[in-house]
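The values are calculated or read from the model by the stated rules, or taken from the named source; none is laboratory data. Here the structure is a predicted model, which means the values were calculated and not measured. Virtual Cβ from ideal backbone geometry, glycine too; neighbours counted across all protein chains shown.
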């Protein structure tokens, strides 16, 4: 689709067409976010043997999130007096924009890929790294020590875990011989990479949790330590945008894991008659459930443990995985 | 013994080094050590004199420097004049050392004083035995240094400092003449050796004018050191030093050095009649001139100082009128009685704590021995018959007469009258009459002061008999043994002897009338208001004249030069350095250590370059 | 003008805007954030030049890595009085610098303006693969050297920024 | 895509380079100076990449070079900041014109 924009003549029709496509995608993702939040609360409730939200929209609380969003929209936007006003305003945008940008490279089905980039994987990693700046800027602009600490922790954590994340990806890329996500999916015709690259999957999954700042790695907004982390001073819709970015990333990361390790839209064995997008959705939902499951199962870890895990366990493991994969490829897939 | 004569100057040097290095803060030990060395020196000098009396002269030399074909030597020489001088110097020096034991008692820097005495003695002794002019000059300057240190011993007194500087500078003027003379001789003869120079003179290798010039130049050096007329002003001022120093300087060493130098280079003078006449005229004028000043001075030491100048004039007169023996003879006798007088005066000052003779009086009751020895000294210097001064002065008068210059003879005769007049003035004012207030608490000095004076008194009385027409001319024979001069046999008329005696007695008598009987005190008499008195009392305003014609113009000239240097040379320099400083200032401003400044400059200049390139031949607008 | 021309214009304006904001803004943090815009625009420019790998590397290194590093630097050396880029720099020097830089720019413009090379499709297919192949064949030694350089820089930076033992004990 | 002339890219590079140069010479905060220097490097990179597409012999070398430049820039930034922090500990200033202790 990207190439189409570049090569076509500029016209209002094209502008409308591509804008419409973008809006459609964002609507889908927002729908997901809405129900992901509900799902999170429901799953948490089930795991904790309680009903969860059940008042609005029937027993299932279907309209709960909508009500929450409405509440956030109506709330006053407070800007702290000593805050750096410009940055305070811009920070949520900086944090949010990359979260949507990364969606562009994800192939949701055989046909639906917004940008079929040769360096798709790297694009995802690079762009997602940008939102750290938004978080740090938010922490800085709030002029609040908890916010600042939260921002610094976020930056440190994300930089630390980006390295094992990318290194674990290398195994997959090595086996595929391409960084194009479509190529990677096609390479999983027979066997998913979760089977050929189990170590990479485990590392990637753990690093992904850390990148998403979800439990048990949610030190960035650890309420008991930092009140609310970088978003302490944010209220109303600005705060909502941070939440939105977080869930966007959950969406994107789940999609990426689906693509990288679970074969993306590839059907399971003989069930090829079911459309690829459905397969993608199923696998994707499973991954999301995994994230929720882990969040409610494990306790939060300490900051030093976090760093040690990242640098002393995941990084060497990922490196070893790259070596082993390279050797295996050299021997068996020559 | 005569072969180890070089030890004589070395011993005082050792004394100086030991005392100044190790015994600085031990006055007792230091002074004792210095005295021991002094005694040994004296004994050695006596032995050398005895050895010389029994044997021959000795000249020992070692090569020091070889410059091209010229060899400069170091060594020592013992001849009649040298050995006599060695004896006199070491003898007086020893007595002064002993005397100072008591005189300097209680001074914080007693050790240093003795060390300086050692240095001074060393320089003088070494000067005396030098066989060549260069060595002489070296020690000549060392003598100057020694005198500078001793005169300025009480350096905390402004006047002492000034006197020390004055002595140093005035003698330096003479020394320049001496140096030029030595160099002149060296260029002509090619050697510093006395013997070679004299040989050259004898053989007629030198033209007359060179001899005259070098002789007069050497004489200028002697004028400076011996305080002859134009350069005499430092000598009375040098009285600022401790009294024993005055005795040493004025009797035996420093001032004698000038006379000694002329005597040592006498063959040179002898050839040139002009030089001889110069010496005689200067000496004669100095004698009468200083005597007239001495007549009116109030300070006992100053009177003695002017008498020294006057007596030195006598010696020069003698030398200038071919009275070689007479000059050296008077130098010898003078050394004894003048040392005696100074020591006695020191004893008096020690007792009454003033130097003004008009405040003293009647001391002969309180200080019998001092009074006696002072009288002996006064008689000796006045030429009282049978005292040492009588014989030596008579010799001088004879030589003045025989040289055929009657004016000088009569001036000398009158000076002899003046000498006895003012010397007895001192004696009468200080020792006779009623006891003045200042003298009332005076006490006789201790034995360390008295013994040297008594010894000197003996010499003052009897030293004249070594050269008399009655008993024998021992000194004359001894000196002429190896003095390379021609002796003119002359017959002096006998009336000179009577004239001298009469003049001396007349002086004493006049003095008695004026001062012994009437106690005339110039400072209180109506005479003090007359211009004559004030002119003479103020030493003919010589110092003031010097100040006016030398010091002030020099200062003015220097101020002019300073002005030129400051505004012209300095201005140019300031301008140049200012320009450079300005450039440097800009440079240092650019070197601020700030990288951005450097970057800005670099970019700015690069932009200039690229702009010029682009606009000119880069074809920017093509 | 083609659509790519419009895209280029937008990107160029964004890049220059980011740079100008970097120069004119007062707070260091704002400048840093403004630079992200420029870095990102440049990455987009690389995409326009069909250099996707370089573009992604640009985002990864500059927007992600170096900017975060700078933000850390600002935070660690945070000093209230120095948060602002004070006006102590003399306006004379600013003027001189501006004139010099402008001269350089203008002259360079005249040098660059006549350049009219034609774009060629230099490589059909996967750029990334080709870059990798060239890196590991022609440029293997520089590549290894760069890896050593990065290692040295890493260790050096850690050593430099680390507190001395005595210092830490105090 | 070929409709964009090469000079446009080069001009953009010039403008960015000039902005970076101006910033490097007039900004007092060391961090900003570093950022400006990075901007200058970026401008150079634009040229490299441009000439690997346009030019007499276009090839991938430009890409490779720009990648090396990035690596070096990253190393430079890391070391520079480490130096800055070490300096800041000794002398609490990050103004570049106060870091002139080597002046004399």
Which numbered condition residue B:607 misses (of (1) under 38 Å from the mean Cα position of the chain (by Cα); (2) surrounded by 13 or more Cβ atoms within 10 Å (Cβ to Cβ); (3) at pLDDT 70 or above): (1)
From the list B:522, B:515, B:527, pick out the single residue that is modelled with pLDDT under 80, surrounded by 12 or more Cβ atoms within 10 Å (Cβ to Cβ), closer than 27 Å to residue B:307 by Cβ and more than 33 Å from the chain's Cα centre (by Cα). B:527
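In the list A:297, A:232, which residue meets the criterion of being closer than 29 Å to residue A:139 by Cβ and surrounded by fewer than 20 Cβ atoms within 10 Å (Cβ to Cβ)?
Values: A:232 fails: surrounded by fewer than 20 Cβ atoms within 10 Å (Cβ to Cβ).
It is A:297.
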Selection count, the range B:298-328, where residues are modelled with pLDDT under 80, over 19 Å from residue B:392 (Cα atoms) and either buried (at least 24 other Cβ atoms within 10 Å of the Cβ) or within 17 Å of the chain's Cα centre (by Cα) (or both): 0
Looking only at the range D:6-19, which residues are at the interface with another protein chain (Cβ under 7 Å from one of its Cβ atoms) and either within 15 Å of the chain's Cα centre (by Cα) or more than 14 Å from residue D:46 (Cα to Cα) (or both)? D:12, D:14, D:15, D:16, D:18, D:19
Suppose we filter B:52, B:60 for residues that are in contact with a helix residue (DSSP H, G or I) (Cβ under 8 Å, 6 or more places away or on another chain), assigned to a helix (DSSP H, G or I) and closer than 30 Å to residue B:189 by Cα; which single one remains? B:52
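Examine the range A:163-177 for a residue that is in the same structural domain as residue A:134 (by TED's automatic domain parsing) and at pLDDT below 85, and state whether such a residue exists.
The first filter runs over the range A:163-177 and keeps only residues in the same structural domain as residue A:134 (by TED's automatic domain parsing), leaving A:163-177.
Narrowing the set further to residues that are at pLDDT below 85 leaves A:177.
Yes, because at least one residue in the range A:163-177 is in the same structural domain as residue A:134 (by TED's automatic domain parsing) and at pLDDT below 85.
Output the residues belonging to the range C:40-60 that are part of a helix (DSSP H, G or I) and either in contact with a strand residue (DSSP E or B) (Cβ under 8 Å, 6 or more places away or on another chain) or more than 10 Å from chain A (Cβ to nearest Cβ) (or both). Break it down into steps so the answer makes sense when it comes.
Of all residues in the range C:40-60, those part of a helix (DSSP H, G or I) come to C:40-48, C:52-60.
Within the range C:40-60, C:41, C:42, C:44, C:45, C:46 qualify.
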Among (1) buried (at least 19 other Cβ atoms within 10 Å of the Cβ); (2) in contact (Cβ under 8 Å) with a residue 60 or more places away in the chain; (3) part of a helix (DSSP H, G or I) - the single one residue B:195 does not satisfy: (1)
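Could you identify the single residue in B:105, B:141 that is surrounded by fewer than 19 Cβ atoms within 10 Å (Cβ to Cβ), without any contact (Cβ under 8 Å) to a residue 40 or more places away in the chain and part of a helix (DSSP H, G or I)? Spell out how you get there, then give the answer.
Numbers: B:105 fails: part of a helix (DSSP H, G or I).
Every option except B:141 fails the conditions.
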Just for the range D:53-71: of the residues that are more than 7 Å from chain C (Cβ to nearest Cβ) and in a helix (DSSP H, G or I), which one is farthest from residue D:35 (Cα to Cα)? D:61
Mind checking which residues of the range A:68-89 are surrounded by 14 or more Cβ atoms within 10 Å (Cβ to Cβ) and over 17 Å from residue A:247 (Cβ atoms)? A:75, A:79, A:80, A:83, A:84, A:86, A:87, A:88, A:89
When you scan the range D:20-36, how many residues do you find that are facing chain C (nearest Cβ under 7 Å), in a helix (DSSP H, G or I) and touching a residue at least 60 places away in the same chain (Cβ under 8 Å)? 1
So, in the range D:37-52, of the ones that are at the interface with chain C (Cβ under 7 Å from one of its Cβ atoms) and closer than 29 Å to residue C:71 by Cα, which residue ends up surrounded by the fewest Cβ atoms within 10 Å (Cβ to Cβ)? D:46
Hey, does the range C:124-135 have a residue that's modelled with pLDDT of 85 or more, more than 7 Å from every other protein chain (Cβ to nearest Cβ) and either closer than 20 Å to residue D:65 by Cα or in contact with a helix residue (DSSP H, G or I) (Cβ under 6 Å, 6 or more places away or on another chain) (or both)? yes
Considering each residue of the range B:80-102, count those that are surrounded by fewer than 23 Cβ atoms within 10 Å (Cβ to Cβ) and either in contact with a strand residue (DSSP E or B) (Cβ under 9 Å, 6 or more places away or on another chain) or free of Cβ contacts under 8 Å to residues at least 40 places away in the same chain (or both), and give that number. 0
Report yes if some residue within the range D:89-96 is buried (at least 20 other Cβ atoms within 10 Å of the Cβ), facing chain C (nearest Cβ under 8 Å) and part of a loop (DSSP other than H, G, I, E, B); otherwise report no. yes
Of residues in the range D:72-88 being touching a residue at least 40 places away in the same chain (Cβ under 8 Å) and over 15 Å from residue C:61 (Cα atoms), the one nearest to the other protein chains (Cβ to nearest Cβ): D:81
Near pairs, Cβ below 6 angstrom, 6+ apart or cross-chain, from the range B:588-606 (more than 7 Å from chain D (Cβ to nearest Cβ)) to any residue that is at pLDDT below 80 and assigned to a helix (DSSP H, G or I): none
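Go through the range C:1-19 and count every residue that is more than 7 Å from every other protein chain (Cβ to nearest Cβ) and in a helix (DSSP H, G or I). Quick ask: steps written out before the conclusion?
Step one: list which residues in the range C:1-19 are more than 7 Å from every other protein chain (Cβ to nearest Cβ), which gives C:1, C:7, C:9-11, C:13-14, C:17-18.
Retained after the next criterion (residues that are in a helix (DSSP H, G or I)): C:7, C:9-11, C:13-14, C:17-18.
Adding up the residues that qualify gives 8.
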Please indicate, with yes or no, whether at least one residue in the range C:61-69 is at the interface with chain A (Cβ under 7 Å from one of its Cβ atoms) and either over 13 Å from residue D:39 (Cα atoms) or touching a residue at least 60 places away in the same chain (Cβ under 8 Å) (or both). yes
